[in-house]
């Protein structure tokens, strides 16, 4: 893929799983974050995803905590050359939000400082900014690639039309373009990606790294009733999945997990990895045991019959 070639400038091969850093500094403190990162790299992982605004939505946090902890870990482990770091800009609080040139330039400098590095491997436009001319946004991103601060570009939360518009603009100008997409996509959220957006990515060789790959933990199978949600940080995100559709998906995951000797989370990730254009799903972990479990999922291949069972159980076209 074009994106894989772009990432290859760092001399590293992209793994089939991105470690999500959204929990670092939130549900994973410094010690837990370091343990998770150590386990991920020890297991062969190389690609870490974060954002400048993680985790500003939590009372008492302001954003930048995740990048700061990752930067401290990189410095302590002397590991920068073994990693590919992806971060995002566009959702920071205050006047540095959005995708204006000023916000992008200030955003990358802040991220590089917190990450304790002089470049990031992938820089994502976190949320499309309709209030800023798209030309200004893509030219600013292109300038960062030219300056060596960024090696590859991606977009998140873009629809097919907007992604096509941005790519046409960058191609016409001869500057770096979005080679990756980070959309919402999992067994419980298929319509958000499947269709025109998926088709565009396949046709134009755009690598896809879906977020919420386990639907906020629902696809792990540990949340099956209201009682299971008690005391969990993501209860409000998971509750909408406690439906007949959700129970049907879990039943299909249970069946395939039994057939393969794995678990629901591993099967859900293997399903994602079977889909067109997927480079690596983004998955978060709060302890080392979870990391080992998730990395094992990357070695799981499903049969056509198992994929068909999961497709049918998660079919939302009639809803």
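The values are calculated or read from the model by the stated rules, or taken from the named source; none is laboratory data. The structure presented is a predicted model; accordingly, all values stated were derived computationally and were not measured. We place every Cβ from the backbone using ideal geometry, glycine too, and count neighbours over all the protein chains shown.
Do we find a residue being touching a strand residue (DSSP E or B) at 6+ places or on another chain (Cβ under 6 Å) and free of Cβ contacts under 8 Å to residues at least 40 places away in the same chain anywhere in segment 92-112?
From segment 92-112, those touching a strand residue (DSSP E or B) at 6+ places or on another chain (Cβ under 6 Å) are 99, 104, 107, 111; that's our starting set.
Applying the additional criterion that residues be free of Cβ contacts under 8 Å to residues at least 40 places away in the same chain yields none.
Scanning segment 92-112 turns up no residue that is touching a strand residue (DSSP E or B) at 6+ places or on another chain (Cβ under 6 Å) and free of Cβ contacts under 8 Å to residues at least 40 places away in the same chain.
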Specify the residue that is farthest from residue 27 (Cα to Cα); the eligible residues are those in segment 217-231 that are without any contact (Cβ under 8 Å) to a residue 12 or more places away in the chain and assigned to a loop (DSSP other than H, G, I, E, B).
222
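Which members of segment 131-151 meet the condition of being surrounded by fewer than 20 Cβ atoms within 10 Å (Cβ to Cβ), at pLDDT 95 or above and out of contact with any strand residue (DSSP E or B) (no Cβ under 9 Å at 6 or more places or on another chain)? Steps first, please.
So in segment 131-151, the residues surrounded by fewer than 20 Cβ atoms within 10 Å (Cβ to Cβ) come out as 131-136, 139, 142-143, 145-149.
Retained after the next criterion (residues that are at pLDDT 95 or above): 132-136, 139, 142-143, 145-149.
Answer for segment 131-151, where residues must be surrounded by fewer than 20 Cβ atoms within 10 Å (Cβ to Cβ), at pLDDT 95 or above and out of contact with any strand residue (DSSP E or B) (no Cβ under 9 Å at 6 or more places or on another chain): 132, 133, 134, 135, 136, 139, 143, 146, 147, 148.
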For segment 145-168, how many residues are more than 20 Å from the chain's Cα centre (by Cα), in contact (Cβ under 8 Å) with a residue 24 or more places away in the chain and under 16 Å from residue 101 (Cα atoms)?
4
Suppose we filter 168, 189, 173 for residues that are farther than 27 Å from residue 276 by Cβ and out of contact with any helix residue (DSSP H, G or I) (no Cβ under 6 Å at 6 or more places or on another chain); which single one remains?
173
Kindly list the number of the only condition in (1) out of contact with any strand residue (DSSP E or B) (no Cβ under 6 Å at 6 or more places or on another chain); (2) at pLDDT 95 or above; (3) under 30 Å from residue 165 (Cβ atoms) that fails for residue 85.
(1)
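Residue 68: part of a loop (DSSP other than H, G, I, E, B), modelled with pLDDT of 95 or more and more than 20 Å from residue 139 (Cβ to Cβ), yes or no?
No.
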Given the residues 199, 205, which is the only one that is part of a helix (DSSP H, G or I) and in contact with a helix residue (DSSP H, G or I) (Cβ under 8 Å, 6 or more places away or on another chain)?
199
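Given the residues 300, 242, which is the only one that is touching a helix residue (DSSP H, G or I) at 6+ places or on another chain (Cβ under 8 Å), buried (at least 18 other Cβ atoms within 10 Å of the Cβ) and either at pLDDT below 95 or on the phi < 0 side of the Ramachandran plot (or both)? I'd like the intermediate steps shown before the answer.
Details: 242 fails: buried (at least 18 other Cβ atoms within 10 Å of the Cβ).
Checking each option against the conditions leaves just 300.
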Can you tell me which residues in segment 72-109 are assigned to a helix (DSSP H, G or I), over 20 Å from residue 17 (Cα atoms) and touching a helix residue (DSSP H, G or I) at 6+ places or on another chain (Cβ under 7 Å)?
96, 101, 103, 104, 105, 106, 107, 108
Is segment 248-269 home to any residue that is modelled with pLDDT of 95 or more, surrounded by 14 or more Cβ atoms within 10 Å (Cβ to Cβ) and at positive phi?
no
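If a residue must be closer than 25 Å to residue 206 by Cα and either without any contact (Cβ under 8 Å) to a residue 24 or more places away in the chain or out of contact with any strand residue (DSSP E or B) (no Cβ under 7 Å at 6 or more places or on another chain) (or both), how many such residues does segment 282-307 contain?
Residues of segment 282-307 closer than 25 Å to residue 206 by Cα: 282-284, 294-295, 297-302, 304, 307.
Narrowing the set further to residues that are either without any contact (Cβ under 8 Å) to a residue 24 or more places away in the chain or out of contact with any strand residue (DSSP E or B) (no Cβ under 7 Å at 6 or more places or on another chain) (or both) leaves 295, 297-302, 304, 307.
Summing the residues that are closer than 25 Å to residue 206 by Cα and either without any contact (Cβ under 8 Å) to a residue 24 or more places away in the chain or out of contact with any strand residue (DSSP E or B) (no Cβ under 7 Å at 6 or more places or on another chain) (or both) in segment 282-307 gives 9.
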